[in-house]
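A.B. asks: Mind having a look at this structure? Questions to follow.
The values are calculated or read from the model by the stated rules, or taken from the named source; none is laboratory data. Computed from a predicted structure; not experimentally measured. Glycine also receives a Cβ, built like all others from the backbone with ideal geometry; neighbour counts cover every protein chain displayed. Each accessible area value is taken on the protein alone, full model and side chains, heavy atoms only, with ligands, DNA and RNA left out. Shrake-Rupley method; radii C 1.70, N 1.55, O 1.52, S 1.80 Å.
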Amino acid sequence: MTKKNTTLGEFIIENQGSFQYSSGELSKLINAIRLAAKVVNHEVNKAGLIDIIGAAGDTNIQGEDQQKLDVLANDRFIQTLKNREIVCGIASEEEDDFISINSNDNQHQNKYVVLIDPLDGSSNIDVNVSVGTIFSIYRRVTPLGTPVTLEDFLQSGDQQVAAGYVVYGTSTMLVYTTGDGVNGFTLNPAIGTFYLSHPNMQFPETGKIYSVNEGNYVHFPQGVKDYIKYCQKEEGDRPYTSRYIGSLVSDFHRNMIKGGIYMYPKSSMASEGKLRLLYECNPMAFIAEQANGRASNGKQRIMELKPTELHQRVPFFCGSRKMVEKAEEFMK
Ligand code: AHG
Ligand code: MN
Ligand code: MN
């Protein structure tokens, strides 16, 4: 049992052996993410100070305005991973296509691909509300020594070897899993070190919080409307309380600690909802299941869906197991 004041660096070394394909490569990769998280944290913290707020004047592939900090976080993560030559490919919510990584002395010899949402909750940056980063790691399926292909990225969530998020909140935390439970580390900004603060995180089986953008209520499918009415009904332990930050990472993090359900359903305006299967839903689903929670598209487990495209969207219901199961009953 790891002691609570262990640093993330020590934790990665101590737990390297528990990972089934352990070769040190995954540890190096998580170390690189740890470093990138500190760099982005530094940028996020400066957001109010220098002129990095506001639209970069560009749009990403999904036609959304990119914030300058989106671009910065994207660049920092990609650069950190590229420089350390520890992944063979990266896909990012902010890039049109995946990036194949290769160097002269390491011809496509790395095993892992990384998928990232470099800055989640970007509409919250310029109002000083928590944002995050989400990452997901897979082993490539194409042979070593060859360039990565789309196939390496379009794997079902069940194939993930690690996933995590960083929440840049009142404190900065890195939370991740390698398939052996979920652990949370809090950054001590004075010395730039993450410490294990939340060992073995677990969703309470049920909770009292529901998180959904209720402004879209009239556009939701009937089952979702009925479930929301159920959450509001005075009966048993209800009504539940409504909490919606608008940063998936922050809403998820709170619900994992307190017990709750996060929902981004499809609607008459967005036939597959808004969240991206590969950059947001799969990694959060892996963490949720590792923490005794559940993640579904309303009908089936998120992680068993077979992705068909890089920027695919999917309806998302995630959180305390009993709450997600109840929501699914309403959507049958
Ligand atoms: P991103 O900033 O990476 O585009 O993600 C924003 C996502 C998610 O974090 C959040 O829960 C959701 O969009 C909020 O969407 P609405 O404003 O439509 O509720
Ligand atoms: Mn996001
Ligand atoms: Mn984003």
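A.B. asks: Let's test this: bin the Cα-Cα distances of the chain at 20 Å from zero up to the farthest pair and state each bin's percent.
C.D. replies: 33, 60, 8, 0
A.B. asks: Treat every Asp and Glu Cβ in the chain as -1 and every Lys and Arg Cβ as +1, leave all other atoms uncharged, and give the resulting dipole magnitude about the Cα centre to the nearest 20 debye.
C.D. replies: On the way: 33 positive and 39 negative charges, 203 e Å.
Charge dipole, the chain, about its Cα centre: 980 debye, nearest 20.
A.B. asks: Further, regarding this structure: Label 7 Å along Cα→Cβ of Asn213; the range 269-295 residues with amide nitrogen under 14 Å?
C.D. replies: Residues 269-276 qualify, since their backbone N sits under 14 Å from the label point.
A.B. asks: So, one more: Given the Cα-Cα distance of Glu205 and Thr170 and 0.36 nm per residue of separation, how much length would full extension add, in nm?
C.D. replies: 10.0 nm
A.B. asks: Here's another thing I want to ask about it. Measure off 7 Å from each Cα along the Cα-to-Cβ vector at Ile13 and Lys258, then give the distance between these two points in nanometres to one decimal.
C.D. replies: 3.8
A.B. asks: Grab every C-alpha pair in the range 156-290, bin the distances at 5 angstrom width from 0 up to the longest one, and report whole percents.
C.D. replies: Spelled out bin by bin, the range 156-290 gives 2, 9, 17, 19, 20, 14, 11, 5, 2, 1, 0 percent.
A.B. asks: Over the range 209-331, give the accessible area per residue in Å² for a 1.4 Å probe, as an integer.
C.D. replies: Result: 39 Å² per residue.
A.B. asks: For the range 74-175, what is the Kirkwood hydrodynamic radius in Å, using each pair of distinct C-alpha atoms?
C.D. replies: About 14.4 Å for the range 74-175.
A.B. asks: Rounded to the nearest 0.05, what FRET efficiency do Ala270 and Lys229 have when you use their Cβ-Cβ distance and R0 = 25 Å? Could you put the intermediate results ahead of the total?
C.D. replies: Working: r = 21 Å, r/R0 = 0.86.
The pair Ala270/Lys229 has a calculated efficiency of 0.70.
A.B. asks: Still on this structure, please answer the following. For the cross-link pairs Lys225/Lys258; Lys46/Lys225; Lys4/Lys46, which exceed 32 Å when the distance is taken from alpha carbon to alpha carbon?
C.D. replies: In this structure, Lys46/Lys225 lie more than 32 Å apart at Cα.
A.B. asks: Across the range 8-198, how large is the tail of the calculated P(r) beyond 20 Å, expressed as a percent of all Cα pairs? Before the final figure, lay out each step's value.
C.D. replies: Values: 9965 of 18145 pairs.
It works out to 55 percent of all Cα pairs.
A.B. asks: Would you mind checking the radius of gyration and Dmax of the range 191-253 based on alpha-carbon positions, in Å?
C.D. replies: 15.8, 51
A.B. asks: Per the helix-only calculation at 222 nm, which mean residue ellipticity applies to the chain, given -39500 (n - 2.57) for every DSSP H run of n ≥ 4 and division by its residues, nearest 500 deg cm²/dmol?
C.D. replies: It comes out at -8500 deg cm²/dmol, rounded to the nearest 500.
A.B. asks: Based on the Cα atoms of the range 247-312, what semi-axes does the equivalent ellipsoid have, where each is the square root of 5 times one gyration tensor eigenvalue, given in whole Å with the largest first?
C.D. replies: Calculated on Cα positions only, the semi-axes equal 20, 14, 11 Å.
A.B. asks: Can you list, bin by bin at 10 Å, the percent of alpha carbon pairs in the range 104-145, starting at 0?
C.D. replies: Histogram of Cα-Cα distances, whole percents per bin: 24, 30, 23, 17, 6.
A.B. asks: How far apart, in nm, are two points set 7 Å out from the Cα along the Cα-to-Cβ line at Asn83 and at Thr142?
C.D. replies: 2.7
A.B. asks: Quick one: with all protein chains in place, what share of the accessible area of the chain is carbon or sulfur, to the nearest percent (1.4 Å probe)?
C.D. replies: 46
A.B. asks: Separate question: Please determine, in degrees from 0 to 90 and to the nearest 10, the orientation of helix 222-232 with respect to the longest principal axis defined by the Cα atoms of the chain, where the helix direction is its Cα long axis.
C.D. replies: 80
A.B. asks: On to the next question. May I ask you to compute the full-extension gain from Gln312 to Asp105, defined as 0.36 nm times their residue separation minus their alpha-carbon distance, rounded to one decimal in nm?
C.D. replies: 71.1 nm
A.B. asks: Express the accessible area of the range 8-198 per residue in Å², computed with a 1.4 Å probe while the remaining protein chains stay in the model.
C.D. replies: With all protein chains present, the range 8-198 gives 41 Å² per residue.
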